[in-house]
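Input: a single structure, listed below in structure tokens.
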Amino acid sequence: MTFTLDGIDGHEGRAIAVLHDGVEAPGPWQDYTLDRRTDHMPVAHHLIAGCSCDWRGTETFPTRAEALARQEWETDHAQPLLGLTVPAELAATIDVLARALHELRGTQPLVAVELAGRIHRLGGGHGPAAMTAARKAGSTWAEVGTAFGMSEQQVQSWYACERGLIQSA
Ligand SMILES: [Zn+2]
């Protein structure tokens, strides 16, 4: 069974059987299970998620957990391609920044202030332009607000305010 998601072409996900020596087995993972394999066929050690574009997931799953492989393919690969979520690597980068800010607050507060300022300017600099682009691409203000973590009304005021600052600068 392969996994597909409406709206993305050229990406067909599947669970891949990985053998005890770490080699990816060709063909359906079910061929490497105890009950389905034919004589002398090896048995899978675990499953990973893969895609026809050669993307591979980072997690390992029990031999029959195809549903988990599908989930990883969807959340870490297919949905970011659709533009629905922030890719996992970027989310991890934000976590690193958040941890650094938390630590610096205790050890070097002024450096924490500088870092917070830089992050703030980054959002203020790129946020409004990203919102303009999202609106042009057909997103509603409600969708833009949800993505930004604000209500529709809040995000529109924030946008107007930031735009005003940029234009008068
Ligand atoms: Zn793919």
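Of the residues in the range 5-40, how many are surrounded by 13 or more Cβ atoms within 10 Å (Cβ to Cβ) and either part of a loop (DSSP other than H, G, I, E, B) or of a type in the set (Lys, Arg) (or both)? So the answer is 10. Residue pairs whose Cβ atoms lie under 8 Å apart, sitting 6 or more positions apart in sequence or on different chains, and linking a residue in the range 72-83 that is within 11 Å of the ligand (Cβ to nearest atom) to a partner that is polar (S, T, N, Q), are Asp76/Thr58. Within the range 119-159, the residues that satisfy the criterion of being assigned to a loop (DSSP other than H, G, I, E, B) and farther than 16 Å from Gly83 by Cα are Gly149, Met150, Ser151.
For (1) within 16 Å of the ligand (Cβ to nearest atom); (2) in contact (Cβ under 8 Å) with a residue 24 or more places away in the chain; (3) of a type in the set (Gly, Ala, Ser); (4) more than 18 Å from Met1 (Cβ to Cβ), each residue gets a yes or a no:
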| residue | (1), (2), (3), (4) |
| --- | --- |
| Arg37 | no, no, no, no |
| Gly50 | yes, yes, yes, no |
| Ala67 | no, no, yes, no |
| Thr93 | no, no, no, yes |
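Of all residues in the range 41-75, those satisfying the criterion of being in a loop (DSSP other than H, G, I, E, B) and either of a type in the set (A, V, I, L, M, F, W, C) or touching a helix residue (DSSP H, G or I) at 6+ places or on another chain (Cβ under 6 Å) (or both) are Met41, Val43, Ala44, Cys53, Trp55, Gly57, Glu59, Ala65. For Leu115, the conditions (1) outside any helix (DSSP H, G or I); (2) modelled with pLDDT of 90 or more all hold with the exception of (1).
Considering only residues in the range 1-35 that are more than 22 Å from Gly83 (Cβ to Cβ) and of a type in the set (Asp, Glu), the one that is nearest to the ligand (Cβ to nearest atom) turns out to be Glu24.
The values are calculated or read from the model by the stated rules, or taken from the named source; none is laboratory data. Since the model is a prediction, treat every value here as computed from it, not as a measurement. Backbone-built Cβ (ideal geometry, glycine too); neighbour counts: all protein chains shown.
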